[in-house]
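Contents: one structure, followed by commentary.
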Amino acid sequence: MVDGVTIRQATVADVRDLVRLRRMMFEAMGFDDPVQLNASDATTAAYFAEAIPAETFHGWLAVTPTGAAIGSGGVVIDRHPPGPGNLSGRVGYIMSLVTVPGYRRRGIARRIMQTMLRWLEEQGIQCMALHATEMGRPLYRDLGFLDSNEMKMRLE
């Protein structure tokens, strides 16, 4: 636990926090149209409300001792045709990694990523992909992701 912050798996009760943090991520990426952001919030809330209990979306939150959600990340397991480098065809797509600005540079995003990567490994997923912002690239590279048009990682 760093600064008393814990990482835990998200539940349907966390939809509001997941949506708020995802919006923060989009705003940090330069999306600033409130109409589009509000529409995205509404459809994202409906998606999470359905996908979390169906286990088609798996999310994690970084939570302070007071219960405030200050970071998040998520995973969807995609199914692709098998190939020589991925015989199962399953790909863990990592998304929505974000930390509230006042908590950045404390290792919280790294802890969320490590938690998601451990979970993916436990699920037998060997291939991971994500799309990275410039801010996120150093962390992803440090964790073993390789630059390409997508960033990918392979667990042995």
Relative packing of 53-62, 115-124, which averages over residues the other C-beta atoms within 10 Å, highest first
53-62, 115-124
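Between Val76 and Gln9, what is 0.36 nm times their sequence separation minus the Cα-Cα distance? Round to one decimal in nm.
Details: separation 67, 0.36 × 67 = 24.12 nm, distance 1.37 nm.
Extra length available between Val76 and Gln9 comes to 22.7 nm.
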Karplus 3J(HN,Hα) series, Hz, for the stretch 75-92 with 6.51 cos²θ - 1.76 cosθ + 1.60 (x for Gly, Pro):
9, 10, 9, 8, 10, 10, x, x, x, x, x, 7, 5, 7, x, 7, 10, x
Value at 222 nm in deg cm²/dmol, rounded to 500, when DSSP H runs of n ≥ 4 in the chain each add -39,500 (n - 2.57):
-11500 deg cm²/dmol
Helix 108-122 sits off the longest principal axis of the Cα atoms of the chain, rounded to the nearest 10 on a 0 to 90 degree scale, by 40 degrees
When only Cα pairs under 8 Å and 6 or more residues apart are kept, what is the percent relative contact order across the stretch 6-154?
20 percent
Return the whole-Å distance between the Cα centroid of the stretch 4-27 and the Cα centroid of the stretch 57-92.
13 Å
Return the long-range amide H neighbours of Ala10 (sequence gap of 5 or more, or a different chain), with a cut-off of under 5 Å between placed amide H atoms.
Gly59, Trp60, Leu61
How far apart, in nm, are the 7 Å Cα→Cβ label points at Ala28 and Ala49?
2.7 nm
Can you give me the Kirkwood hydrodynamic radius for the chain, using every pair of distinct Cα atoms, in Å to one decimal?
16.1 Å
Along the stretch 126-136, what does the Karplus equation 6.51 cos²θ - 1.76 cosθ + 1.60 (θ = phi - 60°) give for ³J(HN,Hα), rounded to whole Hz, x for Gly and Pro?
9, 10, 10, 9, 7, 10, 10, 7, 4, 5, x
What residues qualify as long-range amide H neighbours of Arg90, i.e. H under 5 Å apart, gap of 5 or more or another chain, H built at 1.01 Å from N?
His80
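Each value in this text was obtained by applying a stated rule to the coordinates, not by laboratory testing. Computed from a predicted structure; not experimentally measured. Glycine gets a Cβ as well: all are built from the backbone with ideal geometry, and neighbour counts include every protein chain shown.
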